[in-house]
Every structure is written in structure tokens, then in C-alpha cells.
Amino acid sequence: MSIAKEYGKLTADEFRRYVQRLPEVRKGLQECRENAARLTEKEFTESFGRDGGWAEVYELSFVQHMGLIFLALDGGSEYLSALARDPNPQARLLEDMQSDKFDFDLDNYKGGYQAFFKAEDLYGLFMSFQRTVLSVLLYQRSMSGLIQEVREADDLGALFNAVRVDRSAVACPTIAARIARAEGRSDKHFFLRLRNALKGPQRKHWMAYQDLRYSLFMLREMGFDKLSDNDLERLLVHTLKVYPDVPGARKNLRRQYQLSKNIKTI
């Protein structure tokens, strides 16, 4: 029996469950930073080696990035095959994300698919995934999507947003090449903007409608881009509760929705 999908590839209930995980995701982002900061240089090196950079991953597409993560986890290739065969892969992935399927013991890590990966690779993929989630929350774009805009359109706004989300992105080949170009031209304005981006997200970036942006991102990526004002209000205000039930909500949601539709998919 086919399942009715109100929102592209997701039912309303599946959509709600995705969004309900956001507080946990944000908590994980914060805990990761705090735990790493508590390690001494020696402890960090012993756990993750000296070659734990991950910026090159952002040159891949979002799908390729996620595929690497699955392969780095034990049984990743088998899981991807099973997911592809599942009649409802989005719901399957959602259910598995809420189980212990993706948990791993770093001390006993076996290297993932064909023992190809090292602990520092896994750490880098974990960090790059967290930064991609943060990028979606802030800008409705994955890190791969931002780098693509830099690579294909020389979009400096996307470049500085990527650096703001993840300072290590300066090592990404696309960004490194653009920095070299600015250095060669003694572009002082570029480096002033880069210095500002290296400060990280501003408070206004953290606070303003993160859950709403994530929800609009999900709508777009799940192939659903036609909602009336009534639909927007019902989904975003009453079902997902990512926007307050206040006067003017419909007008503001319509504006955010239209802006979101103008953003390229990842």
C-alpha cells in the first residue's frame, strides 16, 4: 500500500520527526566543540592524529559527502544498498537515525568499508557533517552547496558564509585558490571580509529562525515547492511550530518561502 506524502517525499508526521531532532543536533554541535576544547594537544593528537583535516570533503556533492560517512561506518555499503531498495527510504533513514545504528566506538574502530578509513578520517567526516548541518540551519545551503557557488559563480558571499560556518574551509581547494587570487591582487577589501568571517557566525545568525530555515530547506530538497499561504501557516506554525502564531505570520512566511525557492538545491 502506498503512503500519501503531503510534502514531497515526506508525510507530515515524518516531517515533524525530522524537525523535532533539531534541539538534539544543536546540542551535539555545542558538545562537540566543548569536548574538543578540553583535550590537550597531546590527547587530541593521540586520538585523531595530525592529519585530520576535512576541508576537501566540501568539494564533493552533498550526496557524495553523506555516502562517505556511511562507508566510514561499519557496514556502510550494505546499509546504502538496503536503503536504496527500501520503498520508503526517507522514513527508514529517519527511524535509523533515532536508533543506535549509527553509534560507534572510536577506541575499537575497524576502519569502515574494507578497513579503508582511519580514526582521523572518521573524526573529519563527523566534523564536516556537523558543519554542514549548521550551514543548513544558518543559510539553507550545505557546505557543498556554498563551495559550489564559489567554484561556479565566484560568489564571494558564499565563500565568506562557508568560512563563517567552518574556519577550516580556507583549506578547501576552491577557497584556497580564491584567497591566492586575492593575495596576488593585494585585494585588501577581500581580506577585511575574510577576517570578519573568521570570527564565526554572529549572534543574529544563530538566533534568527534556524528551525524555519531548516524546514524550508527540507521542503525544497524533498521535491515539494508548491504551498499556498494556508498550507504554509498550517505546516510551519501549527504542525512544525517553527514560526510563532502572530499577526502577519502568513506574509512573513510567504516572503521566507519565496526566498527559499530561489536558492539552488544542493
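The values are calculated or read from the model by the stated rules, or taken from the named source; none is laboratory data. From a predicted model like this one, the values you see are computed outputs, not experimental measurements. Here Cβ is always computed from backbone atoms with ideal geometry, including for glycine, and neighbour counts include all displayed protein chains.
Looking at the stretch 129-235, the helices (runs of 4 or more DSSP H) lying wholly inside it that each contain 1 or more residues that are closer than 23 Å to ARG16 by Cβ and modelled with pLDDT under 95 sit at 203-207, 210-221, 229-232.
Out of the residues in the stretch 117-128 that are surrounded by 22 or more Cβ atoms within 10 Å (Cβ to Cβ) and of a type in the set (Gly, Ala, Ser), state the one that is modelled with the highest pLDDT. Within the stretch 117-128, the match that is modelled with the highest pLDDT is SER128.
In the stretch 58-73, of all residues being within 11 Å of TYR113 (Cα to Cα) and of a type outside the set (Gly, Ala, Ser), the one that is nearest to the chain's Cα centre (by Cα) corresponds to ILE69.
Any chance the stretch 107-116 includes a residue that's farther than 16 Å from CYS172 by Cβ, modelled with pLDDT of 85 or more, outside the structural domain of TYR214 (by TED's automatic domain parsing) and not β-branched (Val, Ile, Thr)? Among the residues of the stretch 107-116, at least one is farther than 16 Å from CYS172 by Cβ, modelled with pLDDT of 85 or more, outside the structural domain of TYR214 (by TED's automatic domain parsing) and not β-branched (Val, Ile, Thr), which makes the answer yes.
Return yes when PHE117 is aromatic (Phe, Trp, Tyr), closer than 18 Å to ALA55 by Cβ and not in a helix (DSSP H, G or I) and no when it is not. Yes. Screening the stretch 1-66 for helices (runs of 4 or more DSSP H) wholly inside it with 3 or more residues that are under 29 Å from VAL237 (Cα atoms) and at pLDDT 65 or above returns the ranges 12-20, 22-38.
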